[in-house]
Amino acid sequence: MSNPFFNEKRMNEDAAGWAAPPAATSTSGAAVAASPQGFPAPTGAPVTDGPISTWKGAMTVNGVISVTAVLFVLLLLSATFGWMSSTDSVTGEVEFPPLAMGGIIVGFIAALVAYRKPNLAKFLGPVYAIAYGYAVGAISAAYESYQDGIVVQAIGATIAVFLVMLVMYRTGIVKVTPGYRKVVVAATVGIMLLYLVSIVMSFFGAEIPFINSPSLLGIGFSVLVCALAAANLALDFDLIEKGVEAKMSKDYEWVAALGLVVTLVWLYLEMLRLLSKLNR
């Protein structure tokens, strides 16, 4: 799950209620200091939004970084508990804790509601991090039990891809155009639907072979999905940049941060799947 839930289109829809208030102008046309309600502040007086306003300032890149760090700390702590909750069965296999599936469901719902109600992102972001983090920890423990060291490899690969995409975005090698956005979002939705079909089929004892198969087709599919997850990172960077330029409310930092965390978690899980196929 990624940017179909957090994208520039949604940001534009929210802009009317989230953007910073415009600066007021004097009768001569010169800009003057304004309060968050848009009224000019008295000369020499500190700007105040009054006792009932909720305006907390404009969104910043540093603010998004700070909020993202908070979400990752919560996710890692929860993942640790998820890892520790995975136990070895008598056959030597790791048993997936039932609570982990609940974490996936709760995390998915939290992200979906945050998309529909961005003002709740500051509350739902931590819910996603804690719930989904538990599941990520359990999944990681299962992979590690079969292939020692794969989790460290996946984390390293995820960080490397993130840094490469950040450099490519900042240098203009990757440009988020309307066409780029449409292709990436459409492909992401297609992958999501494919995974949904696979889950439904699993209830009837069937599966889509290449999703987990270590065959050439299966490896190629995982490479494609990892590339798609990486492409979504550019959408996240663009969303953050556009939000800062539009002077969105500081609370919108939680929306941008949650979108970035969702993409990175997805990329990490796909890296686990790809590395597992390659090791087999």
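If the condition is being in contact with a Leu (Cβ under 7 Å, 6 or more places away or on another chain), among the small types (Gly, Ala, Ser) and surrounded by 24 or more Cβ atoms within 10 Å (Cβ to Cβ), then region 225-280 contributes Ala229, Ala256, Ala257, Gly259.
Among the helices (runs of 4 or more DSSP H) lying completely within region 137-223, list those that include at least 2 residues that are touching an Asp or Glu at 6+ places or on another chain (Cβ under 8 Å) and surrounded by 11 or more Cβ atoms within 10 Å (Cβ to Cβ).
Ranges flagged: 150-170, 178-202.
Readers should treat all values here as calculations from the given coordinates under stated rules, not as data from a laboratory. None of the values given here were measured: they were computed from a predicted structure. Quick reminder, even Gly has a Cβ in these numbers, built from the backbone with ideal geometry, and neighbours come from all protein chains shown.
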